[in-house]
1. Name every residue in the stretch 84-115 that is within 17 Å of residue 13 (Cα to Cα) and in a helix (DSSP H, G or I), in order of residue number.
2. Among the numbered conditions (1) under 18 Å from residue 98 (Cα atoms); (2) part of a helix (DSSP H, G or I); (3) touching a residue at least 24 places away in the same chain (Cβ under 8 Å), tell me where residue 75 comes up short.
3. Condition first: part of a loop (DSSP other than H, G, I, E, B), touching a strand residue (DSSP E or B) at 6+ places or on another chain (Cβ under 9 Å) and farther than 14 Å from residue 84 by Cβ. Now tell me which residues in the stretch 51-64 satisfy that.
4. Output the residue which, of all residues in the stretch 64-100 that are at pLDDT 95 or above and farther than 20 Å from residue 49 by Cβ, is surrounded by the fewest Cβ atoms within 10 Å (Cβ to Cβ).
5. Can you name the condition, by its number, that residue 87 falls short on among (1) in contact (Cβ under 8 Å) with a residue 24 or more places away in the chain; (2) in contact with a helix residue (DSSP H, G or I) (Cβ under 8 Å, 6 or more places away or on another chain)?
6. Quick one: would you say residue 34 is touching a strand residue (DSSP E or B) at 6+ places or on another chain (Cβ under 8 Å), farther than 18 Å from residue 9 by Cβ and not in a loop (DSSP other than H, G, I, E, B)?
7. So the check is Cβ under 7 Å with 6+ separation or different chains; which pairs have a first residue in the stretch 21-39 that's within 10 Å of residue 85 (Cβ to Cβ) and a second one that's part of a helix (DSSP H, G or I)?
8. Against the condition surrounded by fewer than 18 Cβ atoms within 10 Å (Cβ to Cβ), in contact (Cβ under 8 Å) with a residue 24 or more places away in the chain and within 16 Å of the chain's Cα centre (by Cα), how does residue 57 come out, does it pass?
């Protein structure tokens, strides 16, 4: 994992990635080559885009990966994952993360309930 200095403007983003078995890097030669090449670039790309990989975990034996990333913008996360090639074989989603404690502390600021 690479590190980047933390500032007050940095936010956390969650990535979820899934892929079908036929394009899994374990089973598919082209996906494996792309995954190995992309993985080797992660440290330099993290530095280039100013992202800090907090975690990057595979759920065994599922074709499911989650990552937590700290960055100044969702665009820097998007550019990072695109250049790393993670979208080449994964259905990838990027979401801003709010700690549950913060969410609950602010729940009364939400619109009135409808049910």
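The values are calculated or read from the model by the stated rules, or taken from the named source; none is laboratory data. Everything numeric here is computed off the predicted structure, so don't read it as measured data. Every residue, glycine among them, receives a Cβ derived from its backbone with ideal geometry; neighbour counts consider all protein chains shown.
1. Selection gives 84, 100, 101, 102, 103.
2. The failed condition is (3).
3. Taking the stretch 51-64 and keeping what is part of a loop (DSSP other than H, G, I, E, B), we get 51, 60-63.
Cutting the leftovers down to touching a strand residue (DSSP E or B) at 6+ places or on another chain (Cβ under 9 Å) gives us 51, 62-63.
Once the filter is applied, which keeps residues that are part of a loop (DSSP other than H, G, I, E, B), touching a strand residue (DSSP E or B) at 6+ places or on another chain (Cβ under 9 Å) and farther than 14 Å from residue 84 by Cβ, the stretch 51-64 yields 62, 63.
4. Per the stated criteria, the residue is 91.
5. Going through the list (1) in contact (Cβ under 8 Å) with a residue 24 or more places away in the chain; (2) in contact with a helix residue (DSSP H, G or I) (Cβ under 8 Å, 6 or more places away or on another chain), residue 87 breaks only (1).
6. Against the criterion (touching a strand residue (DSSP E or B) at 6+ places or on another chain (Cβ under 8 Å), farther than 18 Å from residue 9 by Cβ and not in a loop (DSSP other than H, G, I, E, B)), residue 34 does not qualify.
7. Listed by first residue and then by second, the contacts come to 31/23; 38/84.
8. no
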